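Engineer: Structure in structure tokens, see below.
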Amino acid sequence: CAAFAYFLFFIGPKAKAESRQKQRKQQQQIPHHYLSNNLQTMSYDRAITVFSPDGHLFQVEYAMEAVRRGSTAVGVRGKDCVVLAVERRALAKLQDPRTIRKIVSVDERSVLAFAGLTADARVLINKTRTEAQSYRLTCEDAPSVEYLARYIARTQQRYTQRGGVRPFGIATLLAGFSDEGKPVLYQTDPAGTHSEWKSQVIGGRNAKTLREFLEKNWEEGLEEEKAVRIGVQALLEVVDSGAKNMEICVVRLGGAKSIMEEKDVDAIVKEIEAEAEEGKTKTSSADE
């Protein structure tokens, strides 16, 4: 008992003081600017509803990074159709390909393609389908593509403005026809913005390059065959195995969705590759 009392009153406080002094020396060895920057980044990084001093919401930006890490999806608006072309990642040998879909029907008049986290997409698509059915029940009419795009964007934005949730890690391309019978293509992103496009690409590391390709090759009044070709040609920039890793969907008047057969896509791929090879041959012969 005497030894314990001696430790409690004499050794214990001295050991605590030495420990505190050691911690202070370690902190002094670390640069102050490193500590402050690290603490700032951690605090703004973890809070979804708090802006950083330079106006960033880091969690929303991380959600956009999740989209960039996803597979590529391309949308091309034609004269009387909208073409959605998506990159299909390599599947496991025993996996059923029917269970992995990047292009889905939301309603009778609208089709959606997405890039990003598949699980997040499933939740958001189910919410959108429920809203479409609710709209039909209330208004006795099918919702427009613009209405569904606004709903998706509103839902995504809601998940960036309150605590206890995180943003959806997906971007979407929504295709269909307007009430006037014109093809339309909308895009939404994790920040909750939506916009209409003539042609657009989401997902993948090469999105900027593909967007430049679309800007050069898209023109007003594209026929269906030309629109499909542009979509396939854009995907060939990121897909290695040709038609096997592509999924092409053509949305026609009334929202009818038609998934192209692999052999039809493969024929287009071979035609594009043959033209590219022919162009190289002509260039080399001209140089000689």
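Engineer: For the range 45-192, which whole-number percentage of the solvent-accessible area (1.4 Å probe, protein heavy atoms only) is attributable to carbon and sulfur atoms? Working shown, then result.
Structural biologist: Values: 3530 of 7150 Å².
Accessible surface attributable to carbon and sulfur in the range 45-192 totals 49 percent.
Engineer: With a point put 7 Å past each Cα toward its Cβ, work out how far Lys127 is from Leu94 in nm, to one decimal.
Structural biologist: Placing both labels 7 Å beyond Cα along the Cβ direction yields 3.6 nm.
Engineer: At most 13 other Cβ atoms within 10 Å and a DSSP loop assignment: could you name the trypsin sites (Lys or Arg not before Pro) in the range 93-147 that fit?
Structural biologist: Details: sites: Lys93, Arg98, Arg101, Lys102, Arg109, Arg122, Lys127, Arg129, Arg136; in loops: Lys93, Arg101, Lys102, Arg109.
Passing both the DSSP loop test and the Cβ count: Lys93.
Engineer: At what distance in nm do the modelled label points of Ala256 and Thr193 sit from each other, each positioned 7 Å from its Cα along Cα→Cβ?
Structural biologist: The modelled label-to-label distance comes out at 3.7 nm.
Engineer: With a point put 7 Å past each Cα toward its Cβ, work out how far Asp141 is from Ile272 in nm, to one decimal.
Structural biologist: 3.9 nm
Engineer: Within the range 145-266, what is the number of lysine pairs with alpha carbons under 18 Å apart, leaving out pairs fewer than eight places apart on the same chain?
Structural biologist: Total qualifying Lys-Lys pairs in the range 145-266 comes to 11.
Engineer: At 1.4 Å probe radius, can you tell me the per residue accessible area of the range 37-153 in Å²?
Structural biologist: On the way: 6210 Å² over 117 residues.
On a per-residue basis, 53 Å².
The values are calculated or read from the model by the stated rules, or taken from the named source; none is laboratory data. Just so it is clear, the model here is predicted, and its values are computed rather than measured. When we count neighbours, we look across all protein chains shown, and the Cβ atoms used for this are built from the backbone with ideal geometry, even at glycine. Calculation scope for accessible area: heavy atoms of the full protein, side chains included, ligands and nucleic acids excluded. Shrake-Rupley method; radii C 1.70, N 1.55, O 1.52, S 1.80 Å.
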